[in-house]
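Novice: Shown below is the structure under consideration.
No lab work stands behind these numbers, since they all come straight from the coordinates. Every value quoted in this text rests on a predicted model; they were computed, and no experiment measured them. Every residue, glycine as well, gets a Cβ built from its backbone with ideal geometry; the counts of neighbours run over all protein chains shown.
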Amino acid sequence: MRSIVKSSIAAAVMVLGLSAAAEARPVLVTADLNVRTGPGTGYPSVGVIRGGSNADVGRCFQGWCEMSWGPLRGFSSQAYLDGF
């Protein structure tokens, strides 16, 4: 069961990377920011974008945005992004 969940998360992150790249626009990350597997704090973090970094943001919904920063892909809170 665990491998199915991990595979599903990996597939979702890969799809997210494709969709975020298609609509990406640059933003400034204003504080250290967790990148998560889904849109909410209940999802695990896959990495951190350091405050002061430039990242690419895709679609945003209810305060969560699709993000990419180098090879890192996932969701982050819109509250810590500047440049919309």
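Novice: Evaluate the distance, in nm, between pseudo-label points positioned 7 Å from the Cα of Leu28 and of Val48 along their respective Cα→Cβ axes.
Specialist: Spacing of the two 7 Å Cα→Cβ label points: 2.1 nm.
Novice: Here is a further query. Please list the non-local residues whose amide H lies under 5 Å from the amide H of Thr30, H modeled 1.01 Å from N, same-chain partners needing a gap of 5 or more.
Specialist: For Thr30, whose amide H was placed from the backbone, the distant partners under 5 Å are Gly52, Leu81, Asp82.
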